[in-house]
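Before any comments, here is the structure.
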Amino acid sequence: DNILSQQRALAAIWSVTSEDRLLSYLPWHHSFGGIFEKYTALYSGATLFIDDSLGKDFTRLLANWMEIQPTIYFSVPQVYQQLVVHAQSHPQDEPRIFHPGLRFVFTAAAPLPANISAYFAAKHISVIEGWGLTETSPCCTLTDLTEPRTVPGMVGYPIPGVKLGIAEDGEILVKGPNVMRGYDNDPAATLVALPGDGWFHTGDLGEFIGTGLKLVTRKDRVFKMLNAEKIVPTEMENQLAGMNSFIRHVIVAGQGRSFLAALIFPDYFRIAEQFGNDRVTADRVVKESLRETLLAFNREHRVKYERIQAFAVITKELSLESEELTPSMKVRVRNVLEHAEEYLEAVYAP
């Protein structure tokens, strides 16, 4: 019932037909690929091609893309970043990547960086962003195909049949036929998420912009500094990632500290595409670029405690194997901070 309610709602919003081609690498044990993409294809009769790159081998993914020429594409931001970077550095491939038959792309799990959104807009390819959770089967909101993406964090409007609310503490509440009955054999967790007030409590913080929903952060990401000032790091992280294309991931830290610091994970795919084997130039240019970005960020934040006063560049890729990323490539912040303890020590106790 959850899955079918979702597909009926989506069919009222967009048109996916038997003429469409979907190229799928998203894992089916995760809601984005298994509940959303796979059932969208089955419900509409579209052809679903399986991408054996698994989203990890970009060379293979690109070859599959060139062969299949998908008309609709579901992905997380990392793959869109790689496609854009490749098109920018290999202009001969650009017409085959962003081909005339590509109707729209769908992104979820994490915000699409502003520079990537701008690239798709320049190519007149609509980007739809959605928000939801596995417990909501999974989609609750979708952005409008015809609206420009101007509000950072905006994840769109409730899909038909779904109602949204905001609790007093800012938590997003959901009601609708897409909401689960409960967690399997876990009544305690079920009671937290479904306390009997008629709403599913998502654990995400948000606010309404008109009738649309702006996603702020997870409740457990908000922290207080030593001076008791409350920090919402996600907004800062999204802003930084949008300011510099060399940044793959960034985490703002500072809980219980006297100042904020940033852990930056570079986009080595972009760096390799741009600089090749010239490591010396890459090192110099990227370091200077990151420093300038942090200085520009600080100039925009007049309140001193909101400025990033130190940053560390971590020379490793976040991975599923180390449980630093979820299957949909969301960053597991707690795990990353634990693994980066030596970097934080270097920043806060040099």
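The values are calculated or read from the model by the stated rules, or taken from the named source; none is laboratory data. This structure is a prediction, so every number in the text was calculated from the model and none was measured. Backbone-built Cβ (ideal geometry, glycine too); neighbour counts: all protein chains shown. Accessible surface areas use protein heavy atoms only, side chains included; no ligands, DNA or RNA. Shrake-Rupley method; radii C 1.70, N 1.55, O 1.52, S 1.80 Å.
Once semi-axes √(5λ) of the Cα gyration tensor in Å is worked out from the coordinates, which option in (1) 39, 29, 25; (2) 32, 28, 18; (3) 48, 25, 17 does it equal? The calculated read-out lines up with (2). The H on the amide N of residue 74, modeled in the peptide plane, is under 5 Å from the matching H of 23, 106, each at least 5 residues off or on a different chain.
Surface analysis of the chain yields an accessible area of 49 Å² per residue, using protein heavy atoms and a 1.4 Å probe. Judged by the mean number of other Cβ atoms found within 10 Å, the most tightly packed of the peptides 337-343, 28-34 leads the ranking 28-34, 337-343.
Taking a straight Cα-Cα cut-off under 22 Å and skipping sequence neighbours fewer than 8 places away in the same chain, the lysines within cross-link reach of residue 304 are 224, 230.
Computed on the chain, with alpha-carbon pairs under 8 angstrom and 6+ residues apart, the relative contact order is 12 percent. By the rule of a C-alpha distance below 17 Å, with chain neighbours fewer than 8 residues away ignored, the lysines paired with residue 214 are 163. The 3J(HN,Hα) values that the Karplus relation (6.51, -1.76, 1.60; θ = phi - 60°) gives for segment 153-168 are, in residue order, x, 5, 10, x, 10, x, 6, x, x, 9, 10, 10, x, 10, 6, 4 Hz. Gly and Pro appear as x. Within the same chain, aspartates and glutamates fewer than 8 places from residue 316 are excluded, and of the rest, those with a Cα less than 15 Å from its Cα are 267, 283, 324, 338, 341, 342. Quick check: at a probe of 1.4 Å, how many percent of the accessible area of segment 58-174 sits on carbon and sulfur atoms? Its accessible area is 55 percent carbon and sulfur atoms. Going by a ≥ b ≥ c, the root eigenvalues of the Cα gyration tensor, does segment 64-107 fall in the rounded group (a/c under 1.5), the prolate group (a/b larger than b/c) or the oblate group? Note, shape of segment 64-107 comes out oblate.
Other residues with beta-carbon under 12 Å from the beta-carbon of residue 63 carry, at +1 per Lys or Arg and -1 per Asp or Glu, a net charge of -3. The stretch between residue 291 and residue 169, if pulled fully straight at 0.36 nm per residue, gains 40.4 nm over its current Cα-Cα span. The label point for residue 2 and the one for residue 277, both projected 7 Å from the Cα toward the Cβ, are 5.2 nm apart.
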